[in-house]
Amino acid sequence: MPDHDQDRPGPDSRRQAFGHDPDPGPEQGADGPGPARSLVEAYVYLDLVAPGGSEQAAVADGSEGWLVRAGGVEVLVPYEAEETARQSEATFGTGLSALLDPGQWVLVAATYASRALEGGLLLAEDPSDPEGFDTVAADWSFAADAVAEALKFVPEGDEGADGPDPESFWTEMGRSARDAAPGRFSRAKLESDLAFYRQSLADLHRLHAD
């Protein structure tokens with residue numbers, strides 16, 4: 001098996017998504033949760049479902065992929081899936097997530113967007129802070145990528161005008177988010193949020209260009 005350690009990102013490759021009590025996550029069979037499409041998705045999933053999140057995650061090489069463990073939760077990240085994600089520059093991986101439902105992705109996106117807005121205010125006070133700029137840029141980028149994941153669950157055509165099918169929300173967290181604000185998940189709203197996050201990232205780069 002090739003040595004993958006040198007390319008393995010740790011939890012610090014993205015900021016912890018949530019700091020609240022974990023959600024039970026999707027219904028899991030005897031083999032645990034489905035595979036992650038990337039290491040980053042695995043860390044975000046652990047932030048949602050594992051006590052303590054991904055900050056103390058341990059990563060081990062397995063026969064088929066990396067095994068990411070934290071708080072009694074273990075997620076498999078197939079080597080091929082991670083390689084595909086990197087080649088495609090897909091933060092959370094290609095295809096449809098088997099770990100997070102669209103409700104959770106919208107919550108993750110909103111969390112990163114909130115951090116970006118807060119960080120932007122601090123950056124305005126000290127525009128010369130390169131670390132602050134990188135953090136805000138990463139948060140806007142993650143917010144956009146997360147809401148794009150939610151959009152993957154939206155059916156094409158008129159059928160998807162109201163957003164993902166109710167059956168797509170398999171977690172208590174995701175269903176609660178949808179029940180609290182159904183309009184938040186319409187295609188138009190998700191596309192509007194995606195455009196706003198991407199434009200905010202572009203504006204950040206424009207304002208802080210050398």
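The values are calculated or read from the model by the stated rules, or taken from the named source; none is laboratory data. Here the structure is a predicted model, which is why all the values come from computation and not from measurement. Note that we place each Cβ from the backbone using ideal geometry, even for glycine, and neighbour counts take in every protein chain shown. Ligands, DNA and RNA are stripped out before the accessible areas are found, and what is left, the full protein with its side chains, is counted by its heavy atoms. Shrake-Rupley method; radii C 1.70, N 1.55, O 1.52, S 1.80 Å.
Accessible area per residue (1.4 Å probe, heavy atoms of protein chains only) ranks 201, 190 as 201, 190, with the largest value leading. Amide H to amide H distances under 5 Å link residue 54 with 47, where only residues 5 or more positions off or on other chains count and H is placed in the peptide plane.
For the pair residue 86 and residue 124, label points projected 7 Å from Cα toward Cβ lie 3.9 nm apart. Taking every C-alpha pair closer than 8 Å and separated by at least 6 residues, the mean separation divided by the residue count of the stretch 128-193 gives a relative contact order of 32 percent. When 114, 141 are compared by accessible area at a 1.4 angstrom probe, the order from most to least is 114, 141. With an a/c value of 1.5 or above and a/b larger than b/c for the gyration tensor axes a ≥ b ≥ c computed over the alpha-carbon atoms, the stretch 89-151 is described as prolate. Residues in the stretch 68-77 carry Karplus couplings, in order, of 9, 10, 6, x, x, 10, 10, 10, 8, 10 Hz; the curve used is 6.51 cos²θ - 1.76 cosθ + 1.60 with θ = phi - 60°, and Gly or Pro positions show x. Modelled label positions at residue 188 and residue 117, each set 7 Å beyond Cα in the direction of Cβ, lie 2.1 nm from each other. A simple spin-label model places pseudo-atoms 7 Å from Cα toward Cβ; at residue 98 and residue 170 they are separated by 0.9 nm. Available extension along the chain between residue 131 and residue 159 is 5.7 nm, counting 0.36 nm per residue and deducting the alpha carbon span. Within the full protein context, the accessible area of residue 94 is estimated at about 60 Å² for a probe radius of 1.4 Å. Residue 152 sits with roughly 90 Å² accessible to a 1.4 Å probe, with DNA, RNA and ligands left out of the calculation. Rolling a 1.4 Å probe across the protein heavy atoms gives the stretch 170-210 an accessible surface of 64 Å² per residue.
For residue 74, no residue has an amide H sitting under 5 Å from its own, ignoring neighbours fewer than 5 places away on the same chain, with H placed 1.01 Å from N.
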